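**Q** So that we are looking at the same thing, I have put the structure below in structure tokens.
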Amino acid sequence: MVINILLPFLDFLQKEMLLFASLCFLLGSADDLAFDGLWIFRSLKRRLFVYSRYERATVETLDQSAPDCRLAIFVPAWKEAEVIGAMLGRCLRQWRSNRYRIYVGCYPNDPATIAAVAAASSGTENIRIVICQQNGPTTKADCLNHLWDALCKDEIEEKSDFKAVVLHDAEDLVHPQELRLLGYLIGRAALVQLPVIPRRASKSRWVAGHYGDEFAELHGKQMVMREALGASIPSAGVGCAFARDALQKLAMRTKGTPFDAQSMTEDYELGLNLTGGEARGIFARLRDRNGQLVATQEFFPEKLEDAIRQKSRWIAGISLSGWDRMGWKSNWRENWMRLRDRKASLAAIVIAVAYVAVILTGGLLLAELFGLYKLQPVSESLKTLLFVNAGFLMWRLLLKSYFVFALYGLREALISIPRTVVANVINILAAWRAIGHYVDQLAGHPVNWEKTHHFYPKTEEIQKLRPNHSIAERS
């Protein structure tokens, strides 16, 4: 009978897949454990020997004796009529200084967005509309390069240079003290990156909520340790400031276009290019006097399809294309961080194999329950691997929950544990889609701007969305 051949084969396949996934998980867990150990050591050291002796600084206590510097904020916008007006209005209300200008990149075939920006900029000189030469969408980098050209022309006409270029998206919730902090730090580094705090619509606890889980740990531990280890700092694309001089030097090497239109993740690559070698990058985690973390908040995709589309671009640009475009360095710290950036696609494949093995296990147990087949025993070595990996998994879930609790509170921390399954499914599907993107790029197909639908909350909703700020936020 076919079943007498099929079930033994599935039993063999299940154990081989478990062994493969267990070995890969063991290697990945060893990497994570080493990284976690360094973070714990650094956190304890600072708490015992720094914070016990010095009062924690806030953005208001920073020395502002130096003259205010001019900051240019770049906001690329394609079909953002629903959100861009509210975002710009919030910026104008919160940033009282005249030492900034918001450059908004629009497209000739997107009159709704142009009208929204024009309405928001009425009566102020702090906003400038820049119309791209081609119809949209081109790429985000192409739009940013048009904004760069407009900035350079303004500097020539006004005979006054900007100190830095700040990137934001059309749906960002900006912090009132952001420009103050960026202006203070940008003279000390080529790139200053602020934390990003994902928000979710009330009906999207599982899809949009998984972004909060990931960024809580990414910007609570990963980026903090990158700076501590002296590795390059990748840009998140929002809430980040690039030194004007550093961008100018890069533009001189790239025919006047500092943002690479052929890259799927131009912000990530730009950060690595500017902060590699002797240049310095700063990941700034600082609070205001009210305990609010100076960060960029934004609502992430709430639909499964949009989340897969967005994360597939990240995986294709960072994990796959980034391997080819950015290469490796001679510095072991830098290579370690780049390896951690690029293992996302490999991790998704391993997790997919593990899930298939779990499904096969359930099917074989049912077959055994109905007397159709007798499962072969698991080897002692595989049992040991499964037991060790179970311990590592519990550690990872607990540590992630800690960071989620620090930012969002106990309820979200508890939900983050089962939400890991949703995150894994999204990452698996995104990795599969990213491979298609990567193959298309290798075949010479142009890079397209795949944007998702954005959401901007009402004022009363913003007040309800303040994240929790515990002691972990200050480490």
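**Q** Quick one: order D324, D11 from most to least accessible surface, probe 1.4 Å.
**A** D324, D11
**Q** Quick one: length gained pulling K45 to V378 fully straight, 0.36 nm per residue minus the C-alpha distance?
**A** On the way: separation 333, 0.36 × 333 = 119.88 nm, distance 4.39 nm.
Net length gain for the segment: 115.5 nm.
**Q** Roughly how many Å² is the accessible area per residue of the range 209-285, as a whole number, for a 1.4 Å probe?
**A** On a per-residue basis, 34 Å².
**Q** Can you give the FRET efficiency to the nearest 0.05 for Q248 and R411, using r as the Cβ-Cβ distance and R₀ = 30 Å?
**A** My answer for the efficiency is 0.05.
**Q** Work out the charge dipole of the chain with +1 on the Cβ of Lys and Arg and -1 on the Cβ of Asp and Glu about the Cα centre, then indicate which of A354, I129, L382 is farthest towards its positive end.
**A** L382
**Q** Here's a follow-up. Quick one: helix 140-158 against the long Cα principal axis of the chain, what's the angle to the nearest 10°, folded into 0 to 90?
**A** On a 0 to 90 degree scale, this one is about 20.
**Q** With each label point set 7 Å from Cα along the Cα-Cβ vector, what nm distance links R93 and F370?
**A** Here the modelled spin labels are 6.2 nm apart.
**Q** While we're looking at this one, here's another question. Within the chain, what is the longest stretch that has no chymotrypsin sites (Phe, Trp or Tyr not before Pro) placed in a DSSP loop and near at most 12 other beta-carbon atoms within 10 Å?
**A** 55-327
**Q** How would I102, I428 rank on accessible area, largest to smallest, probe 1.4 Å?
**A** I428, I102
**Q** Modelled label-to-label distance, L13 and C152, 7 Å Cα→beta-carbon offset: nm?
**A** 5.7
**Q** I would also like to ask the following. How much mean residue ellipticity at 222 nm does the chain get from its helices, if each DSSP H run of length 4 or more adds -39500 (n - 2.57) and you divide by all residues, to the nearest 500 deg cm²/dmol?
**A** -17500 deg cm²/dmol
**Q** May I pose another question? Quick one: how many Å² of S52 are accessible to a 1.4 Å probe, rounded to 10?
**A** The accessible area of S52 comes to roughly 80 Å².
**Q** Output the 0 to 90 degree angle, nearest 10, between the alpha-carbon long axis of helix 244-253 and the longest principal axis computed from the alpha carbons of the chain.
**A** Once rounded, one gets 70 degrees.
**Q** Under a plain spin-label model, where a point goes 7 Å from the Cα along Cα-to-Cβ, how far apart in nm are V356 and L26?
**A** About 2.2 nm separates the two model spin labels.
**Q** Given a 1.4 Å probe and heavy atoms of the protein chains only, how would you sort S381, S345, largest accessible area at the top? The partial results should precede the final answer.
**A** On the way: S381 80, S345 15 Å².
The most accessible residue leads, giving S381, S345.
**Q** Right, here's the next one. How much of the accessible area of the chain, probe 1.4 Å, is carbon plus sulfur, in whole percent?
**A** After summing per-atom areas, the C and S share lands at 60 percent.
**Q** At a temperature of 20 °C and a viscosity of 1.002 mPa s, determine how fast the range 105-163 diffuses translationally according to Stokes-Einstein, using the Kirkwood radius over alpha-carbon pairs as Rh; express D in µm²/s, rounded to the nearest whole number.
**A** 172
**Q** Work out how far the C-alpha atoms of the chain reach from end to end along every principal axis, then list the three figures in whole Å, largest first.
**A** 83, 57, 49
**Q** Given a Förster radius of 60 Å and the C-beta distance between R289 and T257 as r, what FRET efficiency does 1/(1 + (r/R0)^6) yield to the nearest 0.05?
**A** So, using R0 = 60 Å, E works out to roughly 0.90.
**Q** So which of K15/K383; K140/K311; K153/K255; K221/K303; K79/K140 end up more than 18 Å apart by C-alpha?
**A** Distance filter (> 18 Å) returns K221/K303.
**Q** Related question: Which value, in Å to one decimal place, does the Kirkwood hydrodynamic radius take for the range 1-85 when every pair of different Cα atoms is included?
**A** In the range 1-85 this quantity evaluates to 20.6 Å.
The values are calculated or read from the model by the stated rules, or taken from the named source; none is laboratory data. No experiment lies behind these values; they were computed from the predicted model shown. Note: ideal-geometry Cβ built from the backbone for every residue, glycine included; neighbour counts use all protein chains shown. Only protein heavy atoms, including side chains, enter the accessible area calculation; ligands, DNA and RNA are left aside. Shrake-Rupley method; radii C 1.70, N 1.55, O 1.52, S 1.80 Å.
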